[in-house]
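Peer 1: Handing you a structure now.
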Amino acid sequence: YNQNSRRYVTPKMDWVSLNVSEGDSLTVFCDMEGKRGYINLNNGDIVIDGQYDYAWNFSEGLAAVCRDYKIGFVNSSGQEVIPCQYPTSKYAINRFGYAFHDGYCVVTNSKNECGMINQQGQLVVDTIYDCIWNGNNLGVRIFQDEKLYGLMNLAGEIILPLYYENIWYDGVNLLATKEGVM
């Protein structure tokens, strides 16, 4: 609604996300039919029509979108630069943010196993792990399979194989336990 002209500038929507990436003006909206698209918060222009079942905010120039439980990525012009091809599930949709961090994004397969893709959509880490966490300021990612944890660099190369009972980042240090000992 434009308060100056006292006119609606967009069609009626179910909701609009107010979370935007720093320096970005595009955010997700949900139309009255439940489809997601992208709107420019500065001027109310719909940049990408509501056509997706799920959508996430932009990160590193791309935004994850989901159609028929397959994840893909669009650019700010609405071009699907990575087709909706990575299987997902309702569980994974609620668990993962599908955002690029340091040039890579965690994706899942139909069994909710995690892997990573690069910004060209190439799978760089096979979808075989229970979880892969985004990087931190130490330049590593923690990954888990069954009950063991390991470390990989930001590009997905294994630094420490699956060996530890737990690894976590406390904001300053990486901490690990093996046989109950830190």
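The values are calculated or read from the model by the stated rules, or taken from the named source; none is laboratory data. Being a predicted model, the structure only gives us computed values, none of them experimental. All Cβ positions, glycine included, derive from the backbone under ideal geometry; neighbour counts span all protein chains shown. When the accessible area is computed, the model is the full protein with side chains, heavy atoms only, and any ligands, DNA or RNA have been set aside. Shrake-Rupley method; radii C 1.70, N 1.55, O 1.52, S 1.80 Å.
Peer 1: Given the conditions (1) surrounded by 12 or more Cβ atoms within 10 Å (Cβ to Cβ); (2) not in a loop (DSSP other than H, G, I, E, B), and given that T10 satisfies all but one, which numbered condition is not satisfied?
Peer 2: The number of the failed condition is (2).
Peer 1: Something else about it: Filter the range 162-182 down to residues that are exposed (fewer than 12 other Cβ atoms within 10 Å of the Cβ) and modelled with pLDDT of 90 or more, then give me how many there are. Walk me through how you get there before you give the answer.
Peer 2: Residues of the range 162-182 that are exposed (fewer than 12 other Cβ atoms within 10 Å of the Cβ), as a first pass: 170-173, 179-182.
Within this subset, residues satisfying the condition of being modelled with pLDDT of 90 or more are none.
Counting residues in the range 162-182 that are exposed (fewer than 12 other Cβ atoms within 10 Å of the Cβ) and modelled with pLDDT of 90 or more gives 0.
Peer 1: For a quick check of your reading of the model, give me the residue pairs whose first member lies in the range 149-168 and is closer than 14 Å to Y104 by Cβ, whose second is small (G, A, S), with beta-carbon atoms closer than 7 Å and at least 6 apart or on different chains.
Peer 2: Qualifying pairs under 7 Å: N153/G139; L154/G135; L154/G139.
Peer 1: Going by the conditions given, is I71 within 29 Å of I158 (Cα to Cα) and either of a type in the set (S, T, N, Q) or touching a residue at least 12 places away in the same chain (Cβ under 8 Å) (or both)?
Peer 2: On the way: within 29 Å of I158 (Cα to Cα): yes; either of a type in the set (S, T, N, Q) or touching a residue at least 12 places away in the same chain (Cβ under 8 Å) (or both): yes.
When the stated conditions are applied, I71 passes them.
Peer 1: Residues S17, S89, S25: which one is modelled with pLDDT under 90 and within 30 Å of G150 (Cβ to Cβ)? It would help to see each step written out before you state the result.
Peer 2: Values: S17 fails: within 30 Å of G150 (Cβ to Cβ); S25 fails: within 30 Å of G150 (Cβ to Cβ).
Of the residues listed, the single one that is modelled with pLDDT under 90 and within 30 Å of G150 (Cβ to Cβ) is S89.
Matching residues to (1) open to solvent by less than 60 Å² (accessible area, probe 1.4 Å); (2) without any contact (Cβ under 8 Å) to a residue 40 or more places away in the chain; (3) small (G, A, S):
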residue	(1), (2), (3)
Y98	yes, no, no
I117	yes, yes, no
G121	yes, no, yes
I128	no, yes, no
G139	yes, yes, yes
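Peer 1: Residue check, S77 against (1) within 18 Å of the chain's Cα centre (by Cα); (2) closer than 24 Å to G103 by Cα; (3) in a loop (DSSP other than H, G, I, E, B), all met but one. Which one?
Peer 2: In the conditions (1) within 18 Å of the chain's Cα centre (by Cα); (2) closer than 24 Å to G103 by Cα; (3) in a loop (DSSP other than H, G, I, E, B), S77 misses (1) alone.
Peer 1: Take the range 61-96 and flag every residue that is among the aliphatic types (A, V, I, L, M), open to solvent by 10 Å² or more (accessible area, probe 1.4 Å) and in contact with a Lys or Arg (Cβ under 9 Å, 6 or more places away or on another chain).
Peer 2: Our first condition is that a residue be among the aliphatic types (A, V, I, L, M); within the range 61-96, this holds for 62-65, 71, 74, 81-82, 92-93.
Filter once more, keeping what is open to solvent by 10 Å² or more (accessible area, probe 1.4 Å): 62, 81, 93.
Within the range 61-96, none qualify.
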